[in-house]
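The numbers here are math on the coordinates, done by the rules we state, and not lab data. As the structure is a prediction and not an experimental result, all values here were calculated from the model. Here the Cβ is made from the backbone with ideal geometry for all residues, glycine too, and neighbour counts use every protein chain on show.
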Amino acid sequence: MRFMKQALISAIRAKSHDDVPIGAVIVHNDTIIARGENQVQKKKNPTLHAEIVAINRACKKQGTKFLDDCDIYVTLEPCAMCATAISLARIRHVYYAAPDEKGGGIAHNARIYETDKHLWRPTVTQIPEYADASAQLLREFFIARRAAKKQ
């Protein structure tokens, strides 16, 4: 899928400024309308995950607070914060590459879309053919970070 490839490019951009390499793109009518990469380190803000950055950009571009005719492609299963933001933005479909057993908020841990109280539930699809590439990017990043701390 070309959209997940673009999300991986955004993840690499995050890595270039020492952020955890996670990327996201938001698609409307088969066209990318927003891209996001983690900017937590770059902007010293713990809420600037790739999904949040992409949602903010898409809402600004569309001039709306709801993205109910949009889909989001993310290189890693969104955390609970991002999964909630996706729901609040009413994004139609979430596609993710790698599962996140530690911090995931959709298929692991919080599983926020499984609660009855959640107002908007996007459909969710894992795209396993991109899971290895995304996971490898994350592994390399954390190996390098641990090595740098030892020096």
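Going toward the positive end of the dipole of the chain, with +1 on Lys and Arg Cβ and -1 on Asp and Glu Cβ, which of 66, 123, 141 do you reach last?
With unit charges placed on the Cβ atoms, the residue in question is 141.
In Å, the Kirkwood hydrodynamic radius of segment 76-116 over pairs of distinct alpha carbons?
10.0
In bins 5 Å wide, starting from 0, what share of all Cα pairs of the chain does each bin hold, as a percent?
Per 5 Å bin, starting at zero, the Cα-Cα P(r) for the chain comes out as 2, 11, 20, 24, 21, 13, 6, 2, 1, 0 percent.
Among the lysines in segment 1-81, how many pairs, 8 or more places apart or on different chains, have alpha carbons under 16 Å apart?
4
Which order do the peptides 121-129, 30-38 take when ranked by the mean count of other beta-carbon atoms within 10 Å per residue, highest first?
So the peptides 121-129, 30-38, ranked by packing, come out 30-38, 121-129.
Taking amide H positions as placed in the peptide plane 1.01 Å from N, state which residues far from residue 76 in sequence (5 or more) or on other chains have amide H under 5 Å from it.
23, 97, 98
Enumerate the amide H contacts of residue 33 below 5 Å, restricted to partners 5 or more residues apart or on another chain; note that Pro and chain-start residues carry no placed amide H.
Those qualifying (amide H under 5 Å, at least 5 residues apart or on another chain) are 26, 27, 28.
Please turn the phi angles of segment 137-151 into ³J(HN,Hα) values with the Karplus equation 6.51 cos²θ - 1.76 cosθ + 1.60 (θ = phi - 60°), one per residue in order, whole Hz, x for glycine and proline.
4, 5, 4, 4, 4, 6, 4, 5, 5, 5, 5, 5, 5, 6, 7
Kindly write out, for segment 21-32 in residue order, the coupling ³J(HN,Hα) from the Karplus curve 6.51 cos²θ - 1.76 cosθ + 1.60 (θ = phi - 60°), rounded to whole Hz, with x marking Gly and Pro.
x, 10, x, 9, 9, 10, 10, 10, 6, 6, 10, 5
To the nearest 0.05, what FRET efficiency results for residue 64 and residue 123 with a Förster distance of 25 Å applied to their C-beta separation?
0.75
Please report, in whole Å³, the volume per residue of the convex hull around the C-alpha atoms of segment 1-51.
With only Cα atoms used, segment 1-51 gives 57 Å³ per residue.
Please list 3J(HN,Hα) in residue order for segment 82-88, calculated via the Karplus relation 6.51 cos²θ - 1.76 cosθ + 1.60 where θ = phi - 60°; whole Hz, with x for glycine and proline.
5, 4, 5, 4, 4, 5, 5
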